[in-house]
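Each remark here refers to the structure printed beneath this line.
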Amino acid sequence: MNLDEELWRQHQYQMLVSFAHHLAYYRVLHGLYVEMQQKSEFWTRTIDAHLLRAVIDWCMVFGTDSNQIHWKKAITDETAQCDFRRRLLSVASLTQDQWEAYWLDMTTFRNDFAAHRIVATSYPITPKMDTALLVATTYDQWIRESLNAVFDEPSLEKRYDRVIRTSKKFLKQLIAFGPTVDQEHEGRVPNSTSK
């Protein structure tokens, strides 16, 4: 297989690490925020920012072919590209049509809401992030099997699992510490129905 290992190591892997971390932080923070029934603009926006960044990072590698670090830039061999697509569809239990619909959901969410904002009365729904994680980890595993040299960085799956496992206690303390909506508005929370 013709593989640009430098593009993979220096750019794609690093972007996918960022994706995995942001997705893990989003999930941990969102779960804790709901569980603790906290009300805070700071935490709402922080949680949303992690999700939006995860989508943007994922799309840098799996979005439009013209992206400089798109996965097809590291794997220029068409046979290898087909091999990865087959593996991805098999692992994710997707048909080609389902993959194309999912890809469109992710790129539309990125283009119309996360990275840019269109003027609309409604916005795209958040895509299923389990699928995005599965795409990223499948690509990571597939690339590692194809590398000629040793790549001693942890897998994306291990990184994601570690962040989920190790961040809950610390992040719960941060959420509890505040700030609350009342603190953010100095005790005068705006009425959301006022004009």
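Please rank M129, M106, M15, fewest neighbouring Cβ atoms within 10 Å first, as an exposure proxy. Could the numbers behind the result be given before it?
Details: M129 17, M106 23, M15 20.
Going from sparsest to densest Cβ surroundings: M129, M15, M106.
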Original post:
Where Lys and Arg each count +1 and Asp and Glu each count -1, what net charge lies around K168 among other residues with Cβ under 11 Å from its Cβ?
Top reply: +3
Original post:
How far is helix 156-177 tilted off the main Cα axis of the chain, in degrees rounded to 10, range 0 to 90?
Top reply: 10 degrees
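Filter the trypsin sites (Lys or Arg not before Pro) in region 87-182 to those in DSSP coil with at most 12 other Cβ atoms within 10 Å of their Cβ, and list the result.
Numbers: sites: R87, R110, R117, K128, R144, K158, R159, R162, R165, K168, K169, K172; in loops: R117, K128.
Qualifying residues, ordered by number: R117, K128.
Can you count the Lys pairs in the chain with C-alpha separation below 21 Å, eight or more apart or on different chains?
Details: K39/K168; K39/K169; K39/K172; K128/K158; K158/K168; K158/K169.
So the count works out to 6.
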Subject >> Fraction of alpha-carbon pairs over 26 Å apart in the chain - percent >> reply: 41 percent
**OP:** Can you tell me the 0 to 90 degree angle between the C-alpha axis of helix 41-62 and the longest principal axis of the chain, rounded to 10?
**Re:** 10 degrees
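Quick one: length gained pulling E184 to R9 fully straight, 0.36 nm per residue minus the C-alpha distance?
Working: separation 175, 0.36 × 175 = 63.00 nm, distance 4.20 nm.
Fully extending the segment from E184 to R9 adds 58.8 nm.
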**OP:** Rounded to the nearest 10 degrees, what's the angle between the helix 96-109 long axis and the longest principal axis of the chain, both from Cα atoms, 0 to 90?
**Re:** 40 degrees
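Each value in this text was obtained by applying a stated rule to the coordinates, not by laboratory testing. What you see is a predicted model; the values in this text were computed from it and never measured. With ideal geometry, Cβ positions are generated from the backbone for all residues, glycine too; neighbour counts draw on all protein chains shown.
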